[in-house]
Amino acid sequence: MTLILNTWIFEQAVAQGTSQVDLVSRVARLGADGIEVRREYFTDLPTETRAIHRAAQNAGLVVNYSVPDELFTDTGQLNPKLPMYFAEGQAMGIRKIKFNTGHFDRFTGDLATALSRLPLDQIELNVENDQTAVSGTVPALKTFLEAVRQQTSANVGYVYDLGNWAFTHGDAQASAQALAPYTHYIHLKNTQAVAGKLVTTDDLDTGMYDWRHLLTYLPHDVDFALEYPMASDQQIAQQIQVFRQGVGD
């Protein structure tokens with residue numbers, strides 16, 4: 001079982017100017033197995049991607065890549081920026097890259113041909129349930145993932161993001177059951193309502209979800225990521241312990 005720390009955890013440090021390169025050694029010291037870097041946190045992307053590769057190799061960490069963009073554009077075309085994103089991932093030596101699905105419902109081309117343009121033999125492509133009706137529902141995700149299985153031999157998986165189901169008013173348990181066969185990666189965060197507004201909490205055990213119970217419906221031989229801002233390394237270490245105890249690792 002591989003535990004990844006998404007760099008959203010370090011939101012405060014990033015806001016104060018800490019680069020994701022510097023976070024690699026911090027993640028290693030905290031005892032995680034890898035780091036998931038966020039594209040929107042780069043300030044000097046070409047320099048930082050190369051530096052992350054070196055730092056992660058030295059630390060023995062897995063690198064995954066979160067890109068805030070969609071596979072399919074509003075017109076249903078495969079996103080023309082995808083080769084650039086994969087090249088950035090290759091520069092970092094990543095294992096997985098994550099997108100939102102976007103408007104696969106408007107795609108009219110040949111899926112196998114479209115995906116063959118990407119280096120999926122080197123990097124695993126994953127899609128996540130986001131907080132939108134377009135990419136954050138079981139039917140939208142399952143339609144794409146099933147099409148990939150039926151029409152291609154591409155290495156494509158699904159990221160089950162627990163906290164996001166609250167924002168799309170989805171059933172987290174039913175979604176886990178429906179999407180478990182496609183799940184290659186699990187993002188853990190909890191959600192609660194504060195003054196009538198949904199917010200991500202800074203504690204796995206605080207919120208509307210019993211994450212331990214929900215994980216019984218999902219595979220365990222996958223990457224897991226903690227993905228919620230925390231105030232200190234002490235808190236992060238404590239949450240890592242909560243996670244490892246909760247999954248029996």
Completion exercise
With the 8 Å Cα cutoff and a minimum separation of six or more residues, region 136-204 has a relative contact order in percent of 30 percent
Exercise for the section: Run the 1.4 Å probe and let me know the accessible area of Met230, rounded to the nearest 10 Å². Expected result: 20 Å²
Problem - Fraction of beta bridges assigned by DSSP in region 118-209 that are antiparallel (%, nearest 5) - result: 35 percent
Completion exercise
With every protein chain kept in place and a 1.4 Å probe, the residues Thr132, Thr49 fall, from largest accessible area down, as Thr132, Thr49
Problem - For the chain, built as a Gaussian network whose Cα springs stay under 10 Å, the top-fluctuating residue of Ala178, Ala15, Ala112 - result: Ala15
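Normalising by the residue count of the chain, find the relative contact order in percent from Cα pairs under 8 Å and 6+ residues apart. Present the calculation step by step, with values, prior to reporting the outcome.
Details: 457 pairs, mean separation 47.1, N = 249.
Computed value for the chain: 19 percent relative contact order.
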Fill in the blank from the handout: At the level of C-alpha centres, the distance separating region 188-212 and region 113-146, in angstrom, is 26 Å
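Antiparallel DSSP bridges in region 4-134: what percent, to the nearest 5?
DSSP beta bridges in region 4-134 are roughly 5 percent antiparallel.
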Fill in the blank from the handout: As straight-line cross-link partners of Lys142, the qualifying lysines (C-alpha separation under 26 Å, not fewer than 8 residues apart within one chain) are Lys81, Lys96, Lys98, Lys189
Problem - region 43-112, relative contact order in percent, only Cα pairs under 8 angstrom and at least six apart counted - result: 41 percent
Problem - Residue among Thr101, His53, Asn6 farthest towards the positive dipole end of the chain, charges placed on Cβ - result: His53
Practice task
Would you compute, from DSSP H runs of 4+ residues alone, the mean residue ellipticity of the chain at 222 nm, taking -39500 (n - 2.57) per run and dividing by the full residue count, rounded to the nearest 500?
Solution key: -10500 deg cm²/dmol
Exercise for the section: Only bridges with both residues in the chain count here: give the DSSP antiparallel percent, nearest 5. Expected result: 15 percent
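The values are calculated or read from the model by the stated rules, or taken from the named source; none is laboratory data. Computed from a prediction, not measured in an experiment: that's the story for all the values here. Glycine also receives a Cβ, built like all others from the backbone with ideal geometry; neighbour counts cover every protein chain displayed. SASA here: full protein model, heavy atoms, side chains in, ligands and nucleic acids out. Shrake-Rupley method; radii C 1.70, N 1.55, O 1.52, S 1.80 Å.
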